[in-house]
1. For a protection proxy built on the mean count of beta-carbon atoms within 10 angstrom, sort 180-193, 120-133 highest first, please.
2. Using 0.36 nm times the number of residues separating K206 and E375, minus their current alpha carbon distance, what extension gain do you get?
3. On full extension of the chain, what length is gained from D345 through K244, given 0.36 nm per residue of separation minus the C-alpha to C-alpha distance?
4. Using only the Cα atoms, what convex hull volume per residue in Å³ does segment 400-470 have?
5. How do R85, R282 rank when sorted from fewest to most other Cβ atoms within 10 Å of their own Cβ?
6. Could you tell me the distance between the Cα centroids of segment 287-341 and segment 197-262, to the nearest Å?
7. Could you work out the percent of alpha carbon pairs in segment 244-302 separated by over 19 Å, rounded to a whole number?
8. Report the one residue of N349, A155, Y68 whose Cα lies farthest in the direction of the positive end of the charge dipole of the chain (charges on C-beta: Lys and Arg +1, Asp and Glu -1; origin at the Cα centre).
Amino acid sequence: MNRKDFLKGTGLLALSSAMLPSMSLANSYTEIADKKLKKKAKNIIFLVSDGMSIGTLTMADTLLRRKYGRGSNWLDLYRENKVSRALMDTSSLSSLVTDSAAASSSWGGGHKIPNGKLNIGANGEKYLPILQKFKSKGKKVGCVTTVPITHATPAGFCVNMDSRNNQDEIAEEYLKLRFDVMMGGGKEHFSSQDRKDKKDLFSEFKTKGFDVLRAKNELKINDKENPILGVFSTDGLPYSIDRKSDEKLNQQIPTLAEMTDFAINKMKGNKNGFVLQVESGRVDWAAHGNDIAGLLYDQIEFDDAIKKAIDFAEKDGETLVIVTTDHGNANPGLIYGNECNDNFDTVQNYKHSNAWILNNLNKESSIKDVQQQIELGCNYQLSDEQAKEILSYYTNLNAEGLYNPRHLPFQRLAEIQKEHNSVGWISMNHSSDFVELAMYGVGKELLPPFIQNADLHYLMLAVCGIENNF
Ligand SMILES: [Zn+2]
């Protein structure tokens with residue numbers, strides 16, 4: 001089969017991949033990998049900036065170029081013609097607009113599934129998660145993330161679960177799976193004080209031979225073969241811009257690049273190689289909050305993690321690096337206007353996320369408190385009227401909702417900010433946009449210019465020379 005026939009084939013398959021038996025896709029990738037690849041990949045590093053709309057990628061690159069005179073590592077790979085590149089359809093089985101659980105499961109299990117589930121089909125089918133497949137072939141496997149390690153994106157590579165919300169149970173699954181490196185936030189799903197069943201999972205992980213890491217200074221490689229559980233905060237890790245502005249957090253919390261580096265070094269000596277998922281999960285949370293500083297500075301830290309992966313792959317010569325996102329979110333963008341360049345440059349001076357600003361206010365705060373908070377965070381003055389309006393939201397806060405449990409005025413603050421930074425948003429939720437996908441290293445030539453999310457599963461197996469006969 002030549003390249004043209006192959007692309008035509010996968011294009012047709014892609015149209016109805018959810019309905020097709022997985023073997024046909026698996027076979028087509030295996031066949032083409034056998035013919036096209038001079039060598040198979042030993043390692044895969046799969047990097048996902050969760051909920052990254054193209055505007056996020058664009059503005060992070062623009063911010064870096066205007067602030068530091070250099071581009072992002074992701075787009076420099078494009079500028080230097082070092083990658084294969086595709087658009088990816090991110091839809092799930094139940095919706096044109098996916099959630100993170102169905103999205104990660106499409107890669108993790110090779111099937112589009114309904115939103116909210118992890119590797120469970122519409123009729124209860126269980127699809128074996130990809131890290132379990134790789135582990136059974138002797139590879140070391142792991143995930144690192146800036147949100148709870150039990151959250152949808154890492155979990156989609158690891159477990160079968162009826163609901164993504166069963167994070168306490170997902171933590172227990174991780175104990176059984178004994179993957180080699182699992183690191184992020186999510187203490188509330190491991191500690192006896194926070195878990196509903198009061199089980200002390202940290203002790204259970206230790207008893208079963210894990211090294212349990214709880215602070216950045218514990219990230220030291222030793223020569224033991226112990227698997228690693230690293231949990232560095234109660235829920236998600238702090239936004240990078242807030243961590244950087246707080247010395248105590250800086251001491252406590254590793255960056256995504258530091259966790260990536262640690263995971264690569266922990267697993268790279270394995271003779272059968274390793275597969276690592278790296279997720280910047282709070283890019284998605286920031287998009288849900290229309291929180292520009294949270295969004296762009298976390299995207300930039302994701303970009304630092306890309307560099308760790310590429311530097312390793314370049315030296316190693318046996319690694320495929322995949323860089324992508326699972327869906328768009330809120331579709332932010334810099335909006336036309338005479339002042340838009342100067343306005344956008346003000347984001348360079350932001351010191352805190354909007355989450356930090358708004359969570360530090362309460363019912364008792366004064367107009368002056370609001371103005372001070374905003375000035376500390378984004379270096380500009382709100383009018384008394386605007387500050388009063390922000391405060392009005394605090395009189396009837398309640399505790400519902402997933403990403404904004406206190407119903408803080410994120411949307412209103414972003415609208416006010418737009419007058420100063422020219423950044424607009426279309427919503428506070430996921431979008432159906434096709435997304436960027438780049439591949440670097442061994443096997444990148446397997447990537448067609450348009451791909452279904454679920455097809456990546458078969459590409460990853462084929463590129464490592466693993467048949468999908470599980
Ligand atoms: Zn997502």
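1. Values: 180-193: 22.1, 120-133: 17.8.
Highest to lowest by the protection proxy: 180-193, 120-133.
2. Working: separation 169, 0.36 × 169 = 60.84 nm, distance 4.50 nm.
Gain in length upon complete extension: 56.3 nm.
3. 34.4 nm
4. Details: hull volume 12.5 nm³, N = 71.
Cα convex hull per residue, to the nearest whole number: 176 Å³.
5. Values: R85 15, R282 33.
Listing R85, R282 from fewest to most nearby Cβ atoms yields R85, R282.
6. 23
7. On the way: 757 of 1711 pairs.
The proportion of pairs with Cα distances above 19 Å equals 44 percent.
8. A155
Any read-out appearing in this document is the output of simple, stated calculations on the displayed coordinates, not a laboratory observation. Remember, it's a predicted structure, so these values are computed and weren't measured experimentally. Every residue, glycine among them, receives a Cβ derived from its backbone with ideal geometry; neighbour counts consider all protein chains shown.
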